[in-house]
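Chemist: Pasting a structure here, questions to come.
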Amino acid sequence: MARVGRARGDVVGRIGRGLRAVPRALREDLLTTAAEPLPRTGRPGWADWTPALAVPVVLLAVFLLVVNADDYAHVHRMSAPLGLLLAGVQSAALVGAMLRPVPAWWASTAAMVVVAWYANPHPAGRELPWTAAGLTLQAGVLFLVALRARPRVAAETLAVGALAGLAVGGPLPAREGNTGAALVTLVIAVVVGAALRGRRVARSRLAEQEELTAGERARRTLLEERHRIARELHDVVAHHMSVISIQAQVAPHLVENPSGELRENLDGIRRNALEALTELRRVLGVLRSEEAPSGSARYAPQPTLARLDELLGNVRGAGIDVTARTTGEPRPLPPGVELSAFRIVQEALSNAMRHAPGAAVRVEVGYRPGGLAVRVVNTAPQGRVRGVRAARPEGPARGGGHGLPGMRERAAMLGGDLAAGPTPDGGYEVTAVLPAGTPAPDPATPEEAP
């Protein structure tokens with residue numbers, strides 16, 4: 001018995017809470033001027049009803065304006081200005097329901113109440129507030145409310161409007177059949193509007209799902225292409241770099257009494273090959289990964305200008321006469337500027353080694369108030385490296401190389417400029433200016449552009 005009593009108390013409590021929530025829900029749903037836009041399906045058609053139904057709705061509103069104004073003047077015996085005003089409010093509510101359905105419903109319902117109040121003193125012309133024209137207007141407004149608002153709002157407007165109509169119309173036994181027909185008409189209007197809205201919502205969600213599916217398919221295609229590129233890079237580049245490293249390691253053992261310089265050069269070749277393999281594996285990991293790299297790979301340090309001496313040492317070990325000069329006061333720069341400057345110097349040195357054997361190379365780095373200036377210039381090729389006759393300078397790679405475009409892209413990405421071209425003495429020059437903010441100038445340290 002105690003359990004039954006507790007269950008009955010819970011049911012009563014829930015009913016009480018529900019009844020107390022009704023006024024708040026009505027206030028939130030009906031005392032608003034906001035309009036819920038129709039869900040879009042991405043396909044043109046009659047369901048994009050604002051342009052498709054605007055003309056028919058306006059024509060119907062004008063027709064019912066004439067009918068109601070005449071009815072109010074001759075049947076309800078209203079004055080012509082008042083009848084025209086009420087008819088105009090009702091017709092305007094039908095048109096306004098396309099944009100602001102809830103305020104339009106309030107205007108239509110208020111006009112209906114005023115019409116019924118003015119009709120009461122004239123029993124001969126007394127009808128329910130839903131005359132033929134008035135019922136059509138009210139049903140049209142409710143249809144648009146159901147089409148534009150949530151089903152709960154449509155049900156609330158139907159219930160409040162029906163109760164208001166029955167209250168102001170009064171008990172009329174002779175017209176009970178008309179009352180039932182009017183209520184059925186209003187219910188049908190709301191049901192049809194809600195059904196069309198539900199159909200449109202379903203189509204909108206289906207279109208969104210199709211968009212998501214297409215995006216997922218495109219993402220999967222991109223990932224597969226990245227896997228393919230990574231696989232080809234690994235099969236081609238990584239294989240050859242591994243062979244170069246092994247050959248450089250084995251070469252000293254194939255020569256009787258190899259010189260120290262030979263060992264040093266071969267060791268440099270092996271170190272460079274291993275470093276290139278490490279960076280290649282990092283790039284391949286990014287290509288193969290669907291998400292951002294995690295763990296230690298994500299935080300692997302990128303080369304900066306702090307490693308410039310190491311880079312120049314490797315180049316000198318290959319027999320290139322390279323000098324470096326730094327102007328301005330060195331300071332920490334954004335990581336992107338540091339990385340881009342290092343890569344530009346690296347690529348410029350590689351081009352000098354490849355296309356100008358035996359040339360002297362000068363690297364200049366200038367710290368400016370607004371950023372960094374990098375200049376790499378080499379003399380005309382001499383054809384010899386440390387007394388050893390070098391191979392003929394390489395011409396441009398088939399199809400054009402990617403070094404200069406890559407350097408230009410790096411500079412442009414940072415909002416900087418890069419210029420490259422031959423010098424009057426037959427050499428080549430690469431100059432890049434990379435912006436990096438504007439720190440406070442130091443008057444004690446004059447800045448010198450390279």
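Chemist: Tell me yes or no: at least one residue of the range 94-111 is small (Gly, Ala, Ser) and at pLDDT below 80.
Modeler: The answer is no, given that none of the residues of the range 94-111 is small (Gly, Ala, Ser) and at pLDDT below 80.
Chemist: Mind checking which residues of the range 57-93 are surrounded by fewer than 14 Cβ atoms within 10 Å (Cβ to Cβ) and at pLDDT 85 or above?
Modeler: LEU59, VAL62, PHE63, VAL66, PRO81
Chemist: Just checking, which of GLU261, GLU310 is modelled with pLDDT of 85 or more, assigned to a helix (DSSP H, G or I) and open to solvent by 70 Å² or more (accessible area, probe 1.4 Å)?
Modeler: The unique qualifying residue is GLU310.
Chemist: Could you give me the residue pairs with C-beta distances under 6 Å whose first residue belongs to the range 66-87 and is part of a helix (DSSP H, G or I), whose second residue is surrounded by fewer than 16 Cβ atoms within 10 Å (Cβ to Cβ) and not acidic (Asp, Glu) wherever it lies, and which are 6+ apart or on separate chains?
Modeler: ALA73/ALA80
Chemist: Mind checking which residues of the range 200-220 are polar (S, T, N, Q) and either under 17 Å from the mean Cα position of the chain (by Cα) or at pLDDT below 80 (or both)?
Modeler: Residues satisfying the conditions are GLN209, THR213.
The values are calculated or read from the model by the stated rules, or taken from the named source; none is laboratory data. Values in this document were obtained by computation on a predicted structure and should not be read as measured data. FYI the Cβ positions are ideal-geometry reconstructions off the backbone, even for glycines, and counts take in every protein chain you see. Ligands, DNA and RNA are stripped out before the accessible areas are found, and what is left, the full protein with its side chains, is counted by its heavy atoms. Shrake-Rupley method; radii C 1.70, N 1.55, O 1.52, S 1.80 Å.
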